[in-house]
């Protein structure tokens, strides 16, 4: 699910708090927003919208530098949970291959108590472009998206996990051998178990409970392939339609790396869409469309590095397991936000639930 306003997703707040905007201007002028020296007043500061966790502004410095994206934690967010994700995002942007065209990190303040705004924030370069509605994606868009994922995945790791840990590990022949493999089933049980504890009325709804059980069963079938993985990649972790913006030349560029980590390459291939789809996040794909996406991705990976070996059958099975896990987890989050009366999630809920039910044959 998108968590930035750069995607121009429907804002859940019609306008920002004028006091917060004044604080932003002051933090820019003092240098606290960039961690650098004091600066003149910004030439322009425009509210760009809001996402799941952040409010976003587009800031023009007026000194010849390109525009910046300033993301500030929304009021009422779980400020205890944000520092880790912001640190991981900063690590991802440092490791991201330049050819992927993503944002460049400028400054991050993950701790509310240390922030000049009283909330966590992150500043990156502004990524120009617009997100496409899922119904507007064509075969050409999918082919370009496959190439984009391959570029992101050029950074590889021997273990799965937080980039602040695996990305800082020493490299070279002296590096000790690390254990490989992963368990997606452990992730499923942790997320679904937390949902049952936190949102019992949602998780125990008969239809949703049936979907959760069927999704877990499919993941369990793919678990031996997860355990056999010997290599992981820099994965975006949330590369849905709202987190890909298309520039004026029709080139896709990724935004919002909050969920990035060293992970299975199949994860990013599952999130864009498939049989499970709904606006504004997931593109409806036929069986042929899924195979085309995977085929174009494998071609692009091999063009970038002919030494990479990919078992295409195993990739497809893992991709399908990721699809039902990620989108069932999304169903739980959407149901919770729909209960709060949020219009986008209320409209998405039946579409997401029904396409998951069809995909899992429940």
Inset, instruction - For residue 302 and residue 46, calculate 0.36 nm times their separation in residues minus their Cα-Cα distance, and state this gained length in nm to one decimal. - result: 88.0 nm
Legend entry - Packing-based order for 110-123, 201-214, using average beta carbon neighbours within 10 Å, highest first: 110-123, 201-214
Inset, instruction - Show that you can apply the helix-only estimate: for the chain, add -39,500 (n - 2.57) for every DSSP H stretch of four or more residues, divide by all residues, and state [θ] at 222 nm to the nearest 500. - result: -14000 deg cm²/dmol
Inset, instruction - Note down the nm distance, to one decimal, between modelled labels 7 Å out along Cα→Cβ at residue 313 and at residue 138. - result: 3.6 nm
Legend entry - Taking 287, 292 and counting other C-beta atoms within 10 Å, the order from fewest to most: 287, 292
Inset, instruction - Which order do the peptides 300-311, 264-275, 126-137 take when ranked by the mean count of other beta-carbon atoms within 10 Å per residue, highest first? - result: 264-275, 126-137, 300-311
Inset, instruction - May I ask you to sort 316, 94 by Cβ crowding, counting other Cβ atoms within 10 Å and putting the fewest first? - result: 94, 316
Inset, instruction - Mind telling me which of 87, 156, 340 comes out most flexible in a GNM of the chain, alpha-carbon contacts under 10 Å? - result: 340
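For region 18-125, compute Rh as the Kirkwood radius over C-alpha pairs and then the Stokes-Einstein diffusion coefficient at 10 °C and 1.306 mPa s; write the answer in µm²/s, rounded to an integer.
113 µm²/s
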Legend entry - Separation of the residue 84 and residue 21 label points, Cα + 7 Å toward Cβ, nm: 3.5 nm
Legend entry - Normalised contact order of the chain, rounded percent, pairs of Cα under 8 Å and 6 or more residues apart: 18 percent
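Every read-out reported here was derived from the displayed coordinates using simple, explicitly stated rules and does not represent laboratory data. Remember, it's a predicted structure, so these values are computed and weren't measured experimentally. All Cβ positions, glycine included, derive from the backbone under ideal geometry; neighbour counts span all protein chains shown.
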